[in-house]
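Everything below concerns the one structure shown next.
The values are calculated or read from the model by the stated rules, or taken from the named source; none is laboratory data. The structure presented is a predicted model; accordingly, all values stated were derived computationally and were not measured. In this analysis, Cβ positions are derived from the backbone assuming ideal geometry, glycine residues included, and neighbour counts consider all displayed protein chains.
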2 protein chains.
Amino acid sequence: MGKTEETREKLVVAALASFRERGYDATTMRLIAAEAGVSQGNAYYYFEGKEALVQELYVRIQAEHRAAVAGRLRSGASLAHNLATVLHTGLDVMAPYHSFGTTLLQSALRTTSPVSPFAPDSQAAREAAIWLMREAVDRSRPRIGGRLGEQLPRLLWLAYLGVTLHWVIDGSPGQQRTRELVDRVSPLLGKAIRLAGTPVAKPFVTDLTALVDAMTAPGRAGTP
Amino acid sequence: MGKTEETREKLVVAALASFRERGYDATTMRLIAAEAGVSQGNAYYYFEGKEALVQELYVRIQAEHRAAVAGRLRSGASLAHNLATVLHTGLDVMAPYHSFGTTLLQSALRTTSPVSPFAPDSQAAREAAIWLMREAVDRSRPRIGGRLGEQLPRLLWLAYLGVTLHWVIDGSPGQQRTRELVDRVSPLLGKAIRLAGTPVAKPFVTDLTALVDAMTAPGRAGTP
DNA sequence: ACCGCTTTTTGAACGTGTTCAAAAAGACGG
DNA sequence: CCGTCTTTTTGAACACGTTCAAAAAGCGGT
């Protein structure tokens, strides 16, 4: 790692610290550069703009989420339990940045960004998020077979999206309402999966999987 | 309506036209003011900032949606049909602003805004959106009774949210993929409602309604 | 040590959204 | 018509994100 990487890292550290302490708006590019010991213009040599630094924060949070989940997931638990683990872990990782949540989400919505989970071209960021749910599904018992089992991670990713949205707009202390939501939604989804196995639900499940199939065909926008 | 209202309206018209033609970033406050025939500073006497003009666009789109739905909804149709009508009408109304979608959504996410459907204090904007779904439910046959019938509009509003999100990130020509999604999701939700009436689904439905009850208690964030 | 070339760094400049003190216009009673 | 108070309008100013030409630093070959 040369001098170049050092400057880049200094900028990231300064930016992320200021984001956490001061929020997005109060963190000026001049301040970031000053705290990293470089000129304001130099920051633009390493990052395309202020938003690129937000994206850096986004990928680091996501990586931290994956690492934390790997340490907490236990094989053989119920799907409801594993799902709750993944969701709660995500909330733990994001917690220090709650005041920053809106900006983070806005950045993710910008589909031109390479780290946006919705960007049509960059499958990587999206799959990384879905991978977490696949872990939760694969390591839970009883196993879920058939087409539903294949597509379940994608569907649970949508649930994750919903929880994240709720977290962003959750003004309760410590975002406890979102915690509550996770604790209630996880068993509910577990029940739904069991219900999906009954004969009476068969035609519905068939249509649902067909829908997911159709909407995830190549060239699709991100949401399945 | 005095001179004051005229200037305000001129600003709105100029802003909305420029938003449609040039997009958000290329529409500068100086340009809006010039096109309305006032000074740049004067615009801030009528609107708190650029975002307030976006919110104005938002409420007008929502009002147009309500008006258009009232003309298109037919009583006695299936829930799937009425649901598709509401969703397609929404897409029709928003169509001219698709390039603007991201900005619109970002504005809605800012929970401090009085028109945000997620703002904890302003129930009006949220209820207005849910009202549409209540219309679709109430005017469809067969009727849906019980607690599920009461809370269904709120749940369908979540589906509406998802469709809107898909629309924003949908890059297909004319957003035809989102149209397809609506055509597929509406009958699927219809099936789900019928499934919810069967005895085997009873415990799941009970838990679901209890969850919606709990999450919509007073003081809640917007998402049920 | 010098040259030529690339990579990195700088600081001034531009256009933007927004603020604000002051000017202008209006409203109203005497 | 004047004086006073409020409402409206102005244009200069500010801080911000971003751009860019030019300077500085690094680097390999001779």
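Laid out as a table, the results:
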| item | result |
| --- | --- |
| Residues within the range B:199-224 that are closer than 27 Å to B:ALA84 by Cβ and at pLDDT 90 or above, tallied | 7 |
| Some residue of the range B:76-85 being under 30 Å from B:ASP138 (Cβ atoms), touching a His at 6+ places or on another chain (Cβ under 9 Å) and more than 9 Å from DNA strand C (Cβ to nearest atom) | no |
| Where A:THR111 falls short, out of the listed (1) at pLDDT 85 or above; (2) farther than 23 Å from A:ASP183 by Cα; (3) more than 11 Å from the chain's Cα centre (by Cα) | (1) |
| Residues of the range B:30-57 classified as of a type in the set (A, V, I, L, M), without any contact (Cβ under 8 Å) to a residue 24 or more places away in the chain and not in a helix (DSSP H, G or I), total | 0 |
| Residues that are part of a helix (DSSP H, G or I), over 22 Å from B:VAL12 (Cα atoms) and among the aliphatic types (A, V, I, L, M), drawn from the range B:58-90 | B:VAL69, B:ALA70, B:LEU79, B:ALA80, B:LEU83, B:ALA84, B:VAL86, B:LEU87 |
| Residue match in the range B:28-42 (condition: more than 17 Å from B:GLN106 (Cβ to Cβ), away from chain A (no Cβ under 14 Å) and more than 16 Å from DNA strand D (Cβ to nearest atom)) | no |
| Residue within the range A:149-158 that is within 11 Å of chain B (Cβ to nearest Cβ) and under 21 Å from the mean Cα position of the chain (by Cα) present | yes |
| Answer from B:TYR58, B:TYR46 - the residue that is surrounded by 14 or more Cβ atoms within 10 Å (Cβ to Cβ) and either within 16 Å of DNA strand D (Cβ to nearest atom) or not assigned by TED's automatic domain parsing to the domain that holds B:ALA128 (or both) | B:TYR46 |
| Within the range A:3-27, tally of residues that are without any contact (Cβ under 8 Å) to a residue 40 or more places away in the chain, hydrophobic (A, V, I, L, M, F, W, C) and away from DNA strand D (no atom under 12 Å from the Cβ) | 3 |
| Residue within the range A:141-148 that is surrounded by 15 or more Cβ atoms within 10 Å (Cβ to Cβ), over 18 Å from A:ILE61 (Cα atoms) and either in contact (Cβ under 8 Å) with a residue 40 or more places away in the chain or within 13 Å of chain B (Cβ to nearest Cβ) (or both) present | yes |
